[in-house]
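To start, the structure itself, in C-alpha cells.
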Amino acid sequence: MSHLDKLTVLNLSGNKLGEGVSPEEMQKFREKLACNMPKSVIVLSLEDNPMSVSNKQTSPELVLYRKPFVTELPALDEFDKIPVYQAEKLAHKGVLPKVARDLPGYLDELIGKANLKIASDTLETKIDKEVKLA
C-alpha cells in the first residue's frame, strides 16, 4: 500500500483489521500497518475494526492506538474523525513531555470539539431542510 504515494484519504473502517491478533501483539500489528501506509495520507479512518479503539472516551489505550499512525504519517491531519495537531505529533516523539503526560486530556478536548462540530452540522442541515419546507 505504501506505493500509493498520492493517496490522501484512506477509509479502512469495518474491514476486520486486527481480527485474530492477540492483545499482546496488537500494538505491533498497528505499528506495522502504519509503516506500510502511504506517507501522503491526510485523512485516515480505521473505526469499527478489531484493532481500533473507540474515541468515545479517552484512555491511555486510545493514546497508544493513535501513536503509530500519528508518528508514521507526517501529513496526517485527521484520524478517526479527530484532528491531529502538531502538538500531538511532537508529544509522541518526546519533544513535548508535558503535553505527552496529558495526552488523554488533550484528546478528550479534541473529541469534545469534534462531537460539537458534528452536532452543529446536523442541526444546520435540519434547519436548512425546515426552511426549504416552509
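The values are calculated or read from the model by the stated rules, or taken from the named source; none is laboratory data. Just so it is clear, the structure is predicted and the values come from calculations on it, not from any experiment. So basically every Cβ, Gly included, is an ideal-geometry build from the backbone, and we count neighbours across all protein chains shown.
For K89, indicate whether it is modelled with pLDDT of 75 or more and more than 20 Å from T8 (Cβ to Cβ).
no
Of the residues making up the range 46-56, one or more are modelled with pLDDT of 95 or more and farther than 19 Å from A91 by Cα.
Take the range 62-86 and flag every residue that is part of a loop (DSSP other than H, G, I, E, B) and either of a type outside the set (V, I, T) or at pLDDT below 80 (or both).
Step one: filter the range 62-86 for residues part of a loop (DSSP other than H, G, I, E, B), giving 73-77, 80-81, 84-85.
Passing the criteria: L73, P74, A75, L76, D77, D80, K81, Y85.
Residues of the range 37-57 being touching a helix residue (DSSP H, G or I) at 6+ places or on another chain (Cβ under 9 Å), polar (S, T, N, Q) and over 16 Å from N15 (Cα atoms), which ones?
First pass over the range 37-57, keeping only residues touching a helix residue (DSSP H, G or I) at 6+ places or on another chain (Cβ under 9 Å): 37, 39, 41, 44, 46, 50-57.
Filter once more, keeping what is polar (S, T, N, Q): 52, 54-55, 57.
Of everything in the range 37-57, those that are touching a helix residue (DSSP H, G or I) at 6+ places or on another chain (Cβ under 9 Å), polar (S, T, N, Q) and over 16 Å from N15 (Cα atoms) turn out to be N55, Q57.
Quick one: would you say S59 is in contact with a strand residue (DSSP E or B) (Cβ under 8 Å, 6 or more places away or on another chain) and either polar (S, T, N, Q) or at pLDDT below 90 (or both)?
Values: in contact with a strand residue (DSSP E or B) (Cβ under 8 Å, 6 or more places away or on another chain): no; either polar (S, T, N, Q) or at pLDDT below 90 (or both): yes.
Judged against the criteria, S59 is not a match.
Scanning the range 8-34 for residues that are of a type in the set (A, V, I, L, M, F, W, C) and exposed (fewer than 14 other Cβ atoms within 10 Å of the Cβ) yields a single hit, V9.
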